[in-house]
Structures are given as structure tokens and as C-alpha cells.
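Beneath this line is the structure, given in C-alpha cells, with notes to follow.
The values are calculated or read from the model by the stated rules, or taken from the named source; none is laboratory data. Values in this document were obtained by computation on a predicted structure and should not be read as measured data. As a convention, Cβ positions derive from the backbone with ideal geometry for all residues, glycine included, and neighbour counts pool all protein chains shown. These accessible areas exclude ligands, DNA and RNA; they are computed on the full protein's heavy atoms, side chains included. Shrake-Rupley method; radii C 1.70, N 1.55, O 1.52, S 1.80 Å.
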Amino acid sequence: MKYEWRKQEKDFYSTKKQPVILTIPRQKFISLHGVGDPNGIDFSKKVQTLYPAAYGIKGAYKNNVGGDVEYNDYVVFPLEGVWSLTEKGRQLDHLEKSEFSYDIMIRVPDFVPDELIQPTLEDVKAKKNLPMIDEIEIKEYPEMEVAQILHVGKYDDEPASFKKIDELVSANDKQRSSKIHREIYLSDARRVAPDNLKTILRYQIK
């Protein structure tokens, strides 16, 4: 049976344009850290490294899985980014994209054995010219309560959607845990017009 995140985890990835509060379970990712404008070449290189790594892990799992498992294959998860600011960026009175601090990542299903990941990354590195593979980290995030919304449109227009999340959080007597937020990219920005981009915006609450 193939694990399809759009079906098995519909609540997490099919958010509507109205904000919601929900609990996200523990999750595991392959991740690359970066600083700077996401429109730059360094960010693009990180994305171009993560996708071959993610598909390599998927292929290795499919080829090595035994016959007594619930899922023998899965759909690669969407690209995600955890965003904050550098120390300098936090002190500025305006937003400077060059001061973004981020972790760009792709989720790995829990049923993929940890011991399969590193050898697969080494295999991908040997087959492709991807020097950033050595910088990939395996990151785990604990279960957490979050608020999220589906943002449709340009990335620069996200503040209006964040305002809707803030209003819901306040109405439920909750607080945002920090200024860090997560973006889940349901659209490929290379192929979809900016006004039609679909992005889940999420932050942790308490």
C-alpha cells in the first residue's frame, strides 16, 4: 500500500482559507540551513539538493522494504521552510530579506528506518554533483499545537493571512510561541503564477 500524505494526513495539508488550530504529531525531516534572500542562488541550490535526496530515500525504502509492512511506498512530501531572522534582522525596524534565517526541508515518513537515510544520501552524492548533500541534517520536531491557514497568492502578501491566524489565536485565549513560522509549499513556484501559489502558513501556539 502506498502512503499518500494528501489522503492519510488530509487535515494537515488540506487547510482552507480560514485559519484552524490543530495538533501536529512528531515529524522527521531532511533539512538544510541557510541565511539570506530566498530569491538568491544559494536557496535554489539547497532546494535542488533536497529533492534528489528525498527521492533517493523514497527509492531506497521501496527497494529494501520487507513484505510485512503496512506501506511499501510513499509519495514524497512537499517542500517546507522554517523561517526566522538573524540577530541583526531582529534589531531592524523593517524587514530585510537578506537577514532571513531558515531551514528548508522535506519530511521523511516515520516508517522509513533512520539507518537507511545516511547511506542513501551518500549514494545520491556519489551519483550526482550535489556538494551540499554533506550539509543535510536529520531534524525531528516534537508534537506541537499550531495555528495555520492556506495562503493563496504571492509570498509578499502573506501578512494578511498571518493577521487572520493571529485573530483566531487571540479569540481562543492562546499565544504565539515565537516569531518563528513554517511554510509548506503546495505549489511549484517555477510552474505556477504568483497569484495562484498555495502555501500553508503555520506557527506554534501555547
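Odds and ends about this structure:
- Electrostatic dipole magnitude of the chain [Cβ: Lys, Arg +1; Asp, Glu -1; Cα centre; debye, to 20]: 540 debye
- Residues of the stretch 154-169 with amide N under 12 Å of the 7 Å Cα→Cβ point at Val192: 154-155
- Cα-derived Rg to Rh of the stretch 68-206, Kirkwood definition: 1.01
- Seen from a random direction on average, the alpha-carbon convex hull of the stretch 35-86 projects onto 4.7 square nanometres.
- Percent carbon-and-sulfur accessible area, the stretch 99-206, ignoring ligands, DNA and RNA, probe 1.4 Å: 48 percent
- Separation between Cα centres of the stretch 141-206 and the stretch 1-48, rounded to whole Å: 11 Å
- Considering only Leu197, Met105, Val35, and ranking their Cα positions along the charge dipole of the chain that arises from unit charges at the beta-carbon of Lys, Arg, Asp and Glu, the one farthest toward the positive end is Leu197.
- Coarse-grained scattering of the stretch 88-136 at q = 0.14, 0.18, 0.25 Å⁻¹, given as base-10 log I(q)/I(0) from a Debye sum over alpha-carbon atoms: -0.58, -0.72, -0.99
- Förster radius 30 Å - calculated FRET efficiency between Gln48 and Ser177, Cβ distance, rounded to 0.05: 0.40
- Normalising the average separation of contacting C-alpha pairs (under 8 angstrom, six or more residues apart) by the number of residues puts the relative contact order of the chain at 31 percent.
- From its DSSP helices (H runs of at least four residues, each -39,500 (n - 2.57)), the chain gives a residue-normalised ellipticity at 222 nm of -9500 deg cm²/dmol.
- Theoretical FRET efficiency, 1/(1+(r/R0)^6), r = Cβ-Cβ of Lys88 and Ser170, R0 35 Å, to 0.05: 0.75
- In the full protein context, the stretch 59-206 carries 57 Å² of accessible surface per residue, based on a 1.4 Å probe and ignoring ligands, DNA and RNA.
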